[in-house]
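What follows draws every value from the coordinates through simple rules; no lab data is involved. What you are looking at is a predicted structure, and each value in this text was computed from that prediction instead of being measured. Reconstructed Cβ throughout: ideal geometry from the backbone, glycine too, with neighbour counts over all protein chains shown.
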Amino acid sequence: MTTGAPLVAPGQGRGLLDVLDRRFLLRLIVRKELRVRYRGSVLGMAWSYVKPATQFAVFFVAMGLFLRLGDQIEDYAVYLFSGIVVINFFGEGFGNATRSIVWNAPLVRKIYLPRELFPVASIYVSAVHFFPQLVVLLVGTVIAGWRPSAAELAAGVLGLVIIATLALGLGLLAGAINVFYRDAENFVDLIVMVATWASPILYSWEMVRDTLPGWLFTVYQLNPITAAVELFHYCFWFPATSRTAEMPPNLWMWGFVGLGISVAVVFLGQSAFRRLEGRFAQEL
Amino acid sequence: MTTSIEISHVQKRFTLRHNRSLKELAVALVRGKDLSDTFLALDDVSLTVQEGETVALLGFNGSGKSTLLKLISGVLQPDSGTIGTRGRVAGLIEVGAGFHPDLTGRENVLLNGAILGMSEKQVQQRFDDIVAFSEIEKFIDTEVKFYSSGMFLRLAFAVAVHSDPEVFLIDEILAVGDEPFQRKCLDRVRQLRDEGRTLVIVSHDLDMVADLCDRGVLLEKGVVIADGESHSVVEKMRQG
């Protein structure tokens with residue numbers, strides 16, 4: 001029947017490449033995750049609007065009105081929301097990817113399948129939640145008078161790719177560690193909380209430049225999330241304003257640096273994942 | 001003859017780590033107590049299975065049968081030694097492992113088919129056969145959590161036997177459903193055997209597996225202590 005096939009060692013796949021071969025399974029896992037997430041829920045998918053809407057309202061009132069950031073940053077609502085969608089995509093993807101292996105313990109323990117499927121599916125699910133928010137953002141920015149150029153649109157795409165890549169890489173790493181030490185998921189929640197403030201989502205990058213010493217500002221810009229948030233500002237906010245705001249220098253360069261770092265993180269995450277993967281089944 | 005499964009000098013040790021919190025680690029450090037407790041599940045196991053062979057893995061609880069099956073399916077990795085398999089392996093380590101209670105029967109069939117390595121087309125082609133085999137047509141669009149355990153197992157088994165693998169690993173799943181359905185499952189397994197597929201079966205129903213399989217392999221505390229014609233190995237096991 002299979003005389004041609006070679007003897008292969010079971011359970012040693014090609015990692016993320018195997019995920020590409022099993023897109024049908026990936027799609028079903030994503031559908032399952034979405035279904036399970038909203039079981040017994042009246043609002044269902046609408047929850048993915050409620051959370052960012054609340055977040056937006058709280059920040060807008062506290063930061064924009066009370067702390068008067070709205071006076072300094074033109075169209076602060078659009079500015080704020082274009083950062084919020086980025087960090088939500090990152091936070092949800094990274095957080096769920098970290099928990100994905102443990103959540104799918106019954107499968108991991110009993111059937112061999114490329115385990116990278118689970119973190120990838122988590123990123124996929126968070127992308128499904130991201131797109132409705134993007135639509136809301138688009139509506140808002142169009143109302144504010146959005147006239148983007150092709151380059152500005154491309155910046156948005158790059159920002160999205162950076163975030164998805166970074167979340168996947170970190171999620172692979174943290175997801176593998178989480179199997180052994182459940183501390184990882186709490187640690188990840190902490191990182192996501194800090195990340196919201198460690199990138200120019202609520203305030204402008206100029207405030208950071210004017211406050212931090214030069215080298216620390218460089219570190220700040222090395223953060224791929226900072227790059228992605230600024231690219232999103234450049235895509236969704238800047239073209240809706242009078243175009244007088246100062247965008248960070250070398251925006252594209254930092255964007256590609258951020259992408260490079262994110263890709264490196266994927267390689268790191270994948271190699272750590274593969275090293276630990278052999279012991280997943282017995283540890284869960 | 002082609003080799004279907006080749007296991008050589010495989011060893012598998014489990015670490016039973018009881019305590020891992022910071023407090024417990026500190027206490028253990030102070031007392032100089034070793035935290036890890038290990039357990040040798042398989043010790044230098046070598047086994048070659050030819051294509052089309054049907055092998056019963058025998059042994060009492062804790063003898064390492066399920067561990068060996070998990071190693072063959074790739075769920076676990078050996079500490080030392082090598083394992084090779086030829087063709088697609090479907091490991092039924094536990095029936096319904098990939099079933100999710102919040103999905104309907106239909107969705108679970110798709111998901112499980114995909115998990116067991118079927119393509120979208122294959123699942124769709126065999127969908128009706130799967131449902132017919134499980135005899136739960138009426139409930140296929142009901143969420144699985146409302147199924148009785150019998151219905152659940154039937155559907156899970158039906159997906160598995162339709163997944164068309166070259167190597168079939170079966171762990172205690174022939175105890176599925178009522179007697180007529182069990183007979184149906186056994187018929188199906190025999191059919192797979194007659195089609196020349198490689199089967200490795202773990203079961204505590206000794207007479208049944210002895211009849212079903214040509215070869216028996218007896219494990220005791222992780223060591224192969226007998227390997228031969230299934231009935232004689234079962235006899236040996238009974239004698240102790």
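Per-structure values
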| quantity | calculated |
| --- | --- |
| Mean residue ellipticity (222 nm) of chain B, computed from DSSP H runs ≥ 4 via -39,500 (n - 2.57), nearest 500 | -11500 deg cm²/dmol |
| Spacing of the two label points (7 Å from each Cα toward its C-beta) at B:Met208 and A:Ala198, in nm | 5.6 |
| Neighbourhood charge, 13 Å Cβ-Cβ cut-off, centred on A:Arg35 and excluding it, Lys, Arg +1 and Asp, Glu -1 | +3 |
| Lysines whose Cα lies under 20 Å from that of B:Lys138, excluding same-chain neighbours fewer than 8 positions away | B:Lys184 |
| Whether region B:96-165 is rounded, prolate or oblate, judged on the alpha carbon gyration tensor where a/c under 1.5 counts as rounded | prolate |
| Amide N of region A:122-159 lying under 13 Å from the label point, which is placed 7 angstrom from the Cα of A:Arg243 along Cα→Cβ | A:146-153 |
| Sites B:Asp44 and A:Met253, calculated FRET efficiency, Cβ-Cβ separation with R0 45 Å, nearest 0.05 | 0.20 |
| Kyte-Doolittle mean at least 1.0, axial Cα span of 27 Å or more - DSSP H helices of chain A | A:117-143, A:150-180, A:251-277 |
| Among A:Gly156, A:Gly93, A:Gly83, residue whose mean-square fluctuation peaks in a GNM of chain A (springs only between Cα atoms under 10 Å) | A:Gly156 |
| Chain B, relative contact order [Cα under 8 Å, separation at least 6], % | 26 |
| Cα long-axis angle, helix B:105-115 against chain B (0 to 90 degrees, to the nearest 10) | 50 |
| Neighbourhood charge, 10 Å Cβ-Cβ cut-off, centred on A:Arg243 and excluding it, Lys, Arg +1 and Asp, Glu -1 | 0 |
| For chain B, share of DSSP beta bridges that run antiparallel, in % to the nearest 5 | 60 |
| Simple spin-label estimate for B:Ser119 and A:Arg35 in nanometres, 7 Å along Cα-Cβ | 2.4 |
| Chain A, relative contact order in percent, only Cα pairs under 8 angstrom and at least six apart counted | 27 |
| Within straight-line cross-link reach of B:Lys12, lysines at Cα separation under 29 Å, skipping those fewer than 8 residues along the same chain | A:Lys110, B:Lys33, B:Lys65, B:Lys70, B:Lys221, B:Lys236 |
| FRET efficiency, A:Phe187 to A:Arg279 (Cβ-Cβ, R0 25 Å, nearest 0.05) | 0.80 |
| Burial ranking of peptide ranges B:101-107, B:128-134 (average Cβ count within 10 Å, highest at the top) | B:101-107, B:128-134 |
| Inter-label distance, nm, simple model (7 Å from Cα along the C-beta direction), B:Gln182/B:Arg238 | 1.7 |
| Degrees between helix B:120-134 axis and first principal axis of chain B (Cα, 0 to 90, nearest 10) | 80 |
| Stretch gain in nm, segment A:Leu153-A:Trp47, where the contour uses 0.36 nm per residue and the Cα spacing is subtracted | 35.4 nm |
| Efficiency of FRET from Cβ geometry, B:Leu16 and A:Asp18, R₀ 30 Å, rounded to 0.05 | 0.45 |
| Beta bridge orientation in the protein assembly as shown: antiparallel %, DSSP, nearest 5 | 60 |
| Candidates B:Leu199, B:Leu110, B:Leu57: whichever shows maximal mean-square fluctuation once chain B is modelled as a Gaussian network with Cα springs under 10 Å | B:Leu110 |
| Within a Gaussian network of chain A (alpha carbon springs, distance under 10 Å), most fluctuating of A:Gly159, A:Gly269, A:Gly260 | A:Gly260 |
| Using alpha-carbon coordinates, inclination of helix B:22-31 to the longest axis of chain B, degrees | 30 |
| From phi via Karplus (6.51, -1.76, 1.60), per-residue ³J(HN,Hα) for region B:71-77 in Hz, x at Gly/Pro | 5, 5, 6, x, 5, 10, 10 |
